[in-house]
Every structure is written in C-alpha cells, then in structure tokens.
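Below: the structure, in structure tokens.
The values are calculated or read from the model by the stated rules, or taken from the named source; none is laboratory data. Note that the structure is predicted; figures quoted are calculated from it, not measured. All Cβ positions, glycine included, derive from the backbone under ideal geometry; neighbour counts span all protein chains shown. Accessible surface is based on the protein model in full, side chains and every heavy atom, while ligands, DNA and RNA are left aside. Shrake-Rupley method; radii C 1.70, N 1.55, O 1.52, S 1.80 Å.
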Amino acid sequence: MKKQILIVGSGFSGMWAAVSAARLSALEGNNSLNIAVLAPVPELRIRPRFYEENVSTMVAPLTDLFAELDIAFISGEAQRIDTMAKTVFYRDSNGTAAEVTYERLILATGSQTKRPPIAGLAEYAFDIDQLESARLLEQHLDALATRPSSPERNTVVVCGGGFTGIELATELPARLRTRFGADTKTNVIVVERGATLGGRYSEALRNTIEEASNALGVEWRLNSEIEAIDASGVTLKNGERIASATVVWTAGVEANPLSQHVTGERDSQGRLKVTDTLQVPAHPEVYATGDMAHAKTDDVGNTALMTCQHAIQLGKFAGHNAAASLLNLAPYPYRQVNYVTCLDLGGWGAVYTEGWEQRVKSVRDEAKKIKVAITNELIYPPAADRAVAFAAADPLAKFV
C-alpha cells in the first residue's frame with residue numbers, strides 16, 4: 001500500500017511542496033508514495049498582487065499541473081488535525097464532513113490578517129488578505145463612482161504602514177483617478193502607529209518610500225492608532241477624526257489557526273517553530289512550511305518572513321524532506337541566504353533592494369520592471385510539463 005504525503009493548502013508553499021515531493025519520488029523511480037493536496041480549489045491565488053486592479057484574474061489553475069505529476073487533489077477545507085491518529089478532518093466542497101489519513105503531513109495553510117478588537121473593524125473595514133475580500137474592496141471602489149463627490153467619498157484610509165499597506169496606498173491614487181476622473185481631488189492616508197515612515201526598513205529604503213509617497217500625494221499619520229471605525233470614517237486615539245467612505249485594514253498577519261491543532265512552540269505570529277528540516281519537533285511526521293513555519297534561513301540569525309519569496313523555497317524543502325523521510329534518504333537542511341525586497345510604489349515606480357540590510361539597487365522604472373517580472377512571471381506555477389516542473393522544484397536550485 002502506498003504511503004501518503006498530505007499537503008494542506010495550495011498556496012505558494014503547498015503547491016511547491018507537492019511538486020518537490022513528486023520530483024524526488026520520480027527521481028528515485030519509486031512508486032510507493034501517494035502525494036495529495038487538500039484545499040478548497042485547485043488553484044494558486046497570487047496573493048502578492050491583491051493590491052492591484054482586476055483581482056479576480058490573479059489566480060493560476062493547478063489541475064493540469066497536478067494531473068501531469070500524478071498529484072491527487074482533494075477538494076475541501078481542513079477543520080481539525082489529530083496527530084495521534086495521523087488524520088485530517090475536513091469539509092468537502094458540498095460541506096460534508098470527511099477525513100483523510102497520512103504518513104507525512106505538510107502544513108501549508110498560510111496566514112491571515114490580524115483583526116484586533118477595535119470598534120467597527122469587523123463591520124466597516126475592508127482588507128486585501130484573501131481573493132474574496134480584495135474583490136469586495138474593488139466592488140466597493142466601483143460603487144463609489146456612483147456617489148456624489150465629497151471629501152468622505154474621495155478619501156481612503158489605509159490602516160498599517162507595512163509592506164502591504166505601502167503597496168496598496170501607493171497604488172490607490174491611480175485606482176481612484178480611474179473611477180473619479182483625473183480632475184477629482186483624492187486623498188490616501190496611511191495611519192501608522194510607528195514613529196517613522198517605513199520604520200522596519202533601511203534608511204535608504206525609507207527615504208525612497210517617503211519620496212514616492214510625497215510625489216503621489218499619499219499622506220502619513222505617524223504615532224497614530226485607530227480608536228474606532230464607522231461607516232463614515234475613523235477616529236484616532238488622539239481624538240482626530242478622518243472622514244472616509246473606505247477604510248482598509250493591513251496591520252499585521254498571523255499564521256492560520258489550523259496550526260493550533262499541532263503541539264509545538266510558536267512565535268508571536270503563531271508560526272510553529274521547526275527544525276532545520278522543517279519538522280515540528282514534537283511531531284516529526286509533521287512539516288510546517290510557508291507562513292506556518294518559523295524557520296531559520298541562515299546561520300547568522302535571520303528567519304523566514306511571511307512572503308512568497310520565502311514560502312516558495314520553504315515549500316520545495318518541505319516537500320523534498322517529507323518524501324525523503326519515506327524513501328530513507330537524507331533530508332536537506334533548509335537554507336535561503338539570499339534575500340531581496342521589491343516594493344511596488346504605484347505610479348511612481350518601485351524600489352528593489354538586496355540583502356537583509358536592504359541596499360537599494362534600483363528605483364522607479366528600472367525597479368518596476370523587476371517587480372513586474374517577479375509578480376507576473378517568476379512566482380507563477382511552472383508549466384504542466386514534468387521536466388520543466390521538476391527542474392523548477394529542485395530545492396537546491398537558485399530561486400533569487
């Protein structure tokens with residue numbers, strides 16, 4: 001009977017884990033493994049692009065790829081994990097309760113936006129965390145064009161000045177002009193509790209973000225926190241009121257709560273701390289990857305970030321190592337020494353940096369070309385061709 005590797009999640013890390021496991025099995029000429037992916041739909045959603053327009057198009061089907069590589073797909077949403085029984089309980093596409101067993105489990109269910117208990121947040125704030133919520137924001141912006149022009153209609157408040165908040169804020173001026181016309185005065189305001197614009201980044205990167213924000217007319221409210229959100233705007237903790245028909249929450253992410261069903265140490269974002277081979281120490285048959293894993297990228301103290309850049313490589317290592325453990329092969333310790341940042345800055349362009357110290361290497365149009373190449377080509381699934389897919393899934397091949 002074949003031994004089952006079950007991957008929960010079809011995002012960047014889950015998809016690449018499946019392909020990588022299939023690759024090793026094929027290289028070994030071994031027919032003893034069954035590789036299955038459990039997810040709601042057989043598609044990769046290009047989440048790093050959800051700040052852009054036409055979000056419904058930002059999906060890549062996986063059916064042909066999985067069929068080419070003999071990867072089984074199970075349509076459903078995981079509800080619970082029983083690590084003692086090595087079983088995942090899920091609801092299938094009809095809502096019926098079902099279960100599937102495994103010899104090796106790869107957790108790749110990603111992350112979700114943190115939603116703290118702020119008055120009105122759940123009722124009135126949008127987000128771009130998932131395809132469905134990003135689509136709701138797009139539909140809302142479309143509907144705004146039917147309203148009379150007013151400061152409230154023409155103002156968008158972005159809550160959180162991290163990577164997602166910056167990319168959305170700098171893209172919004174163009175998105176609003178498309179709907180309201182070039183002559184309409186619009187306002188995009190980023191509310192950031194930190195004292196510095198882009199405080200998590202290098203000075204050179206911060207300066208570039210500030211230059212782009214100024215050029216695009218994006219305002220920043222630093223040292224500011226949200227007290228409450230309602231249908232017509234936000235109230236800050238300092239008492240300031242910002243009238244706005246559109247409030248978008250981008251402040252922080254946390255690991256999918258499915259990880260809570262696995263015993264293990266976690267970091268402040270809920271990610272499971274894993275070994276160098278991406279196993280959960282208390283349950284070595286369970287591998288955590290992508291945004292579910294707190295993993296060391298190198299030997300100098302850096303850890304993987306919750307980005308597709310790290311999720312892709314984490315997935316390749318997790319899939320390889322899970323298969324290797326069943327084929328009695330040595331695993332590969334996960335390492336991803338190279339790190340780059342490519343931040344989209346809307347109509348101004350983009351900024352590309354290298355290294356953990358974030359050395360700015362290119363800006364504006366040159367960096368925009370790099371950004372487009374990454375988000376429109378590099379991070380998409382491989383072709384449904386065994387040779388092409390397996391070559392791309394090699395965890396030791398250079399990605400960045």
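Within the bounds of segment 74-85, is there any residue that is touching a Ser or Thr at 6+ places or on another chain (Cβ under 9 Å), closer than 21 Å to ILE312 by Cβ and open to solvent by less than 10 Å² (accessible area, probe 1.4 Å)? Checked against the condition, which is being touching a Ser or Thr at 6+ places or on another chain (Cβ under 9 Å), closer than 21 Å to ILE312 by Cβ and open to solvent by less than 10 Å² (accessible area, probe 1.4 Å), segment 74-85 yields no hits at all. In segment 237-264, the qualifying residues are those that are open to solvent by 20 Å² or more (accessible area, probe 1.4 Å) and small (Gly, Ala, Ser), and the one that is farthest from LEU144 (Cα to Cα) is GLY264. Would you say TYR380 is assigned to a loop (DSSP other than H, G, I, E, B) and touching a Phe, Trp or Tyr at 6+ places or on another chain (Cβ under 7 Å)? Taking the combined requirement at face value, the residue does not satisfy it. Taking the listed residues GLU210, GLU219, GLU227, the one that is at negative phi, without any contact (Cβ under 8 Å) to a residue 24 or more places away in the chain and out of contact with any helix residue (DSSP H, G or I) (no Cβ under 6 Å at 6 or more places or on another chain) is GLU210, with no other qualifying.
In segment 247-272, the residue that is farthest from LEU136 (Cα to Cα) out of those that are among the polar types (S, T, N, Q) and more than 15 Å from the chain's Cα centre (by Cα) is THR263. Filtering segment 307-333 to residues that are surrounded by 19 or more Cβ atoms within 10 Å (Cβ to Cβ) and under 21 Å from VAL253 (Cβ atoms) leaves CYS308, GLN309, HIS310, ALA311, ILE312, GLN313, LEU314, GLY315, ALA318. If you go through segment 96-131 and keep only what is crowded, with 19+ Cβ neighbours inside 10 Å and in contact with a Gly (Cβ under 6 Å, 6 or more places away or on another chain), you end up with ALA108, THR109, GLY110. Any residue at all in segment 265-274 that is assigned to a helix (DSSP H, G or I), of a type outside the set (D, E, K, R) and more than 16 Å from GLN336 (Cβ to Cβ)? No, segment 265-274 has no match at all.
Could we say that ALA389 is buried (at least 20 other Cβ atoms within 10 Å of the Cβ), more than 21 Å from the chain's Cα centre (by Cα) and over 30 Å from GLU254 (Cβ atoms) here? The answer is yes for ALA389. Taking strands (runs of 3 or more DSSP E) as the structural unit, those lying wholly within segment 163-236 and holding at least 3 residues that are open to solvent by less than 50 Å² (accessible area, probe 1.4 Å), within 19 Å of LEU141 (Cα to Cα) and not charged (D, E, K, R) correspond to 187-191. Scanning segment 334-343 for residues that are out of contact with any Ser or Thr (no Cβ under 6 Å at 6 or more places or on another chain) and within 14 Å of ALA397 (Cα to Cα) gives TYR334, ARG335, VAL337, ASN338. A count restricted to segment 274-291 and to residues that are within 16 Å of ALA21 (Cβ to Cβ) and open to solvent by less than 10 Å² (accessible area, probe 1.4 Å) stands at 6. Among residues of segment 146-158 that are loosely packed, with under 14 Cβ neighbours inside 10 Å, those with a Cβ under 8 angstrom from a residue that is at pLDDT 95 or above and not in a strand (DSSP E or B), sequence gap 6+ or separate chain, pair up as ARG147/ARG153; ARG147/ALA245. Filtered by the rule that a residue be part of a loop (DSSP other than H, G, I, E, B) and closer than 24 Å to GLU103 by Cβ, segment 275-316 gives THR275, ASP276, THR277, LEU278, PRO281, ALA282, THR289, ALA295.
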